[in-house]
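Novice: Below are the structure tokens for one structure; questions will follow.
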Amino acid sequence: MNIIVTGASRGIGNALVRKLSADPAHHIIALARDAEKLDALAKACIKSNSEAHVHPIAFDLLTPDYSFSLIPKIVEVFDSIDVLVNNAGLLIKKDFAAFSDADFDALMNVNVKSVFKLTRTLLSFFARPSHIVNISSMGGMQGTAKFPGLSLYSAAKGAVSVLTEALAEELSDREIAVNCLAYGAVQTEMLAQAFPGYTAPLNPDKMAEFVAWFATNGHHFFNGKILPVSSSTP
């Protein structure tokens, strides 16, 4: 399968690329801003599996136009896309009254607008069938526990969840399934930022095992679903 993973330089995205690369049938584009970390990831994957196919592309999802700056790099590697995992995310923790307009824009641009822009830009490249996996949070699901300081992050992830449902309907005639995984607590840098001192029951490698399976197989069972993947929140 031809797979794109955003936010691949750290956390679950990094672990997901490593997990997927264990299968030489997968060709993975690892996308993130940090070229050094991506190169280290590609080398680690090759070290673990000499037949791994990992293609690092350093790119900032806040770049205004993806068509001219990103697509040429992707088409050098892939002629079609089987799986897109929109994993990149940003967390800013503040009291609601302390949030600035710039904070709002940053959170929405990274967590929501980049999902919209990348998916829209890649539409003509998706295979039939194919699978888009968006990453949300338990905080972005209606009726779940909410936490102080995370109001805008939760709102952004809630937008991703609803966008998933809408896209699944709109893209069904293209045979593109769209699903969303709402993470609970996983021991990442982002979790440590949100809940200092808390130890999560899952580490990135363990979560990546499930996400790798879901990304490559979940579209056979689900479409337009927001699935909680959580044993703790937090």
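The values are calculated or read from the model by the stated rules, or taken from the named source; none is laboratory data. Predicted model, so just to flag it, every value in this text is computed and none were measured. Every residue, glycine as well, gets a Cβ built from its backbone with ideal geometry; the counts of neighbours run over all protein chains shown.
For every residue, the table says whether it meets (1) surrounded by 18 or more Cβ atoms within 10 Å (Cβ to Cβ); (2) touching an Asp or Glu at 6+ places or on another chain (Cβ under 8 Å).
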site	(1), (2)
123	no, no
129	no, yes
140	yes, no
152	yes, yes
158	yes, no
162	no, no
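Novice: Can you go through 208, 215, 166, 192 and tell me which one is part of a helix (DSSP H, G or I) and either touching a strand residue (DSSP E or B) at 6+ places or on another chain (Cβ under 6 Å) or under 18 Å from residue 127 (Cα atoms) (or both)? Even if it seems obvious, please write down each step before you answer.
Specialist: Values: 208 fails: either touching a strand residue (DSSP E or B) at 6+ places or on another chain (Cβ under 6 Å) or under 18 Å from residue 127 (Cα atoms) (or both); 166 fails: either touching a strand residue (DSSP E or B) at 6+ places or on another chain (Cβ under 6 Å) or under 18 Å from residue 127 (Cα atoms) (or both); 192 fails: either touching a strand residue (DSSP E or B) at 6+ places or on another chain (Cβ under 6 Å) or under 18 Å from residue 127 (Cα atoms) (or both).
215 is the lone residue from the list that is part of a helix (DSSP H, G or I) and either touching a strand residue (DSSP E or B) at 6+ places or on another chain (Cβ under 6 Å) or under 18 Å from residue 127 (Cα atoms) (or both).
Novice: Right, something else. Output the residues belonging to segment 53-85 that are within 13 Å of residue 30 (Cα to Cα) and over 18 Å from the mean Cα position of the chain (by Cα).
Specialist: 53, 73, 77, 78, listed by residue number.
Novice: Same structure again: Counting residues that are of a type in the set (D, E, K, R), which helices (runs of 4 or more DSSP H) fully inside segment 34-132 reach at least 2? Break it down into steps so the answer makes sense when it comes.
Specialist: Numbers: elements: 35-48, 66-69, 71-75, 101-108, 114-122.
In segment 34-132, the matching helices (runs of 4 or more DSSP H) lie at 35-48, 101-108, 114-122.
Novice: I'd like the residue in segment 22-41 that is farther than 24 Å from residue 123 by Cα and not acidic (Asp, Glu) and, out of all such residues, is surrounded by the fewest Cβ atoms within 10 Å (Cβ to Cβ). If you could, list the steps in order and put the result at the bottom.
Specialist: Filtering segment 22-41 down to residues farther than 24 Å from residue 123 by Cα leaves 22-24, 34-41.
Cutting the leftovers down to not acidic (Asp, Glu) gives us 22, 24, 35, 37-38, 40-41.
Values: 22: 13, 24: 11, 35: 13, 37: 17, 38: 24, 40: 14, 41: 25.
Once the filter is applied, the top-ranked residue is 24.
Novice: Listed residues 12, 4; which is more than 26 Å from residue 194 (Cα to Cα) and either buried (at least 20 other Cβ atoms within 10 Å of the Cβ) or at pLDDT below 95 (or both)? Talk me through it step by step, then tell me what you get.
Specialist: Details: 12 fails: more than 26 Å from residue 194 (Cα to Cα).
Being more than 26 Å from residue 194 (Cα to Cα) and either buried (at least 20 other Cβ atoms within 10 Å of the Cβ) or at pLDDT below 95 (or both) holds for just one of 12, 4, which is 4.
Novice: So is residue 70 under 27 Å from residue 195 (Cβ atoms) and surrounded by 16 or more Cβ atoms within 10 Å (Cβ to Cβ) or not?
Specialist: Working: under 27 Å from residue 195 (Cβ atoms): no; surrounded by 16 or more Cβ atoms within 10 Å (Cβ to Cβ): yes.
Considered against the rule, which asks whether it is under 27 Å from residue 195 (Cβ atoms) and surrounded by 16 or more Cβ atoms within 10 Å (Cβ to Cβ), residue 70 comes out as no.
Novice: Being assigned to a helix (DSSP H, G or I), without any contact (Cβ under 8 Å) to a residue 60 or more places away in the chain and over 18 Å from residue 232 (Cβ atoms) is the filter here, so list the residues in segment 133-159 that pass it.
Specialist: Matches in segment 133-159: 151, 155, 156, 158, 159.
Novice: Another question, if that's okay. Which of the residues belonging to segment 176-234 are closer than 20 Å to residue 10 by Cβ, free of Cβ contacts under 8 Å to residues at least 40 places away in the same chain and under 15 Å from the mean Cα position of the chain (by Cα)?
Specialist: 210
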